[in-house]
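Just below is one structure, and these are the notes that go with it.
The values are calculated or read from the model by the stated rules, or taken from the named source; none is laboratory data. Nothing here was measured: the structure is a model prediction, and the numbers come from that model. Glycine also receives a Cβ, built like all others from the backbone with ideal geometry; neighbour counts cover every protein chain displayed. Accessible surface is based on the protein model in full, side chains and every heavy atom, while ligands, DNA and RNA are left aside. Shrake-Rupley method; radii C 1.70, N 1.55, O 1.52, S 1.80 Å.
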Amino acid sequence: MKYLNSSCRTSTSSGVISEITTCNVCLRQNNRSLCDFTDLHTGQPWVSEGSEKSGLSGYYYQGVWRSLGGTKVHKFNNASAMSQCLKGKTVHLYGDSTIRQWYEYLDAALPDAKRVNLNGSEQAGPLIMWDSAKDILVTYRCHGPPIRFHKVPTSQLRYIANELDGLVGGSNTIVVVGIWSHFSTFPIQIYIRRLQSIRGAVVRLLNRAPDTLVVIRTANLKDLTLYETLTNSDWYSLQGDKVIRAVVKGVNVHIVDALEMTLAHHLPHSLHPQRPIIRDMIDVLLSYICPQ
């Protein structure tokens, strides 16, 4: 028998923390805890799900993203602070257009860097910028097919796992991976298989250069137009978010929780989040690189 789910709000006894969860007269246990609100007098059942992650990954306060776990997020408010953090570093960005947004943000923040497009496209790359005075190198390359960019030379279609296997790595190397949107019209098994290949390459990279910093960007919420709803819905993004976390579990990688960052922000949802959200994501990335 199937039951229609509804939502309910639960709170701690102190009333400080509240949470909206799925509740019903009957819920599967799975791996989630259940809160029992069964009426003691009549015995009528009513239960709600507990949180899978023991709370959120962060929140916004006065327009600043505050992380609830791991590295404290610092603000890098100007080009000088950003370039000082990136001094002597090599940053490799791999993924889709939401990762290319990070490259474009860094591109605007490093005005002294030289730029080159290596016979690719502005959408797909490969794109490179470097600041010889500060010894900063930043690259961007799109992931391999399936891909929905308008025009990509076949010679530049590279799988992320192969690119990672070609890296030396080390304490001054940062690898960023963001791959999700272009898989939304395919069965989830295709996405899992791609992430597993990337995971294997990350493990091999960390085995030969354990001080390499690897950062994973999750999916984000979007403006659900009819087209987006049919081809790229947030339901798929949520499933992909769970898959990413499961695949990289146990691997020494850092997460930028784009799903919760776009959910919590007052700006409207968009496939390509607006600049203030990208700035916050870059602050998280730079806080991983320069945690002091």
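Within the stretch 141-163, the set of residues being under 18 Å from the mean Cα position of the chain (by Cα) and either modelled with pLDDT of 95 or more or open to solvent by 60 Å² or more (accessible area, probe 1.4 Å) (or both) comprises 160, 161. Selection of the stretch 164-174 for residues being open to solvent by less than 40 Å² (accessible area, probe 1.4 Å), on the phi < 0 side of the Ramachandran plot and not β-branched (Val, Ile, Thr) yields 164, 167.
May I ask you to list the residues in the stretch 115-140 that are hydroxyl-bearing (Ser, Thr, Tyr), touching a strand residue (DSSP E or B) at 6+ places or on another chain (Cβ under 8 Å) and open to solvent by less than 50 Å² (accessible area, probe 1.4 Å)? Can you show your working first?
Applying the first criterion (hydroxyl-bearing (Ser, Thr, Tyr)) to the stretch 115-140 yields 121, 132, 139-140.
Next cut, touching a strand residue (DSSP E or B) at 6+ places or on another chain (Cβ under 8 Å) only: 132, 139-140.
Once the filter is applied, which keeps residues that are hydroxyl-bearing (Ser, Thr, Tyr), touching a strand residue (DSSP E or B) at 6+ places or on another chain (Cβ under 8 Å) and open to solvent by less than 50 Å² (accessible area, probe 1.4 Å), the stretch 115-140 yields 139, 140.
Among the residues of the stretch 215-234, is any on the phi > 0 side of the Ramachandran plot, open to solvent by 50 Å² or more (accessible area, probe 1.4 Å) and part of a loop (DSSP other than H, G, I, E, B)?
In the first step, residues of the stretch 215-234 are kept if they are on the phi > 0 side of the Ramachandran plot; the result is none.
No, the stretch 215-234 has no match at all.
Of all residues in the stretch 175-185 being touching a Ser or Thr at 6+ places or on another chain (Cβ under 7 Å) and part of a strand (DSSP E or B), which is surrounded by the fewest Cβ atoms within 10 Å (Cβ to Cβ)? Per the stated criteria, the residue is 175.
Would you call residue 267 without any contact (Cβ under 8 Å) to a residue 12 or more places away in the chain, among the aliphatic types (A, V, I, L, M) and in contact with a helix residue (DSSP H, G or I) (Cβ under 9 Å, 6 or more places away or on another chain)? Yes, satisfied.
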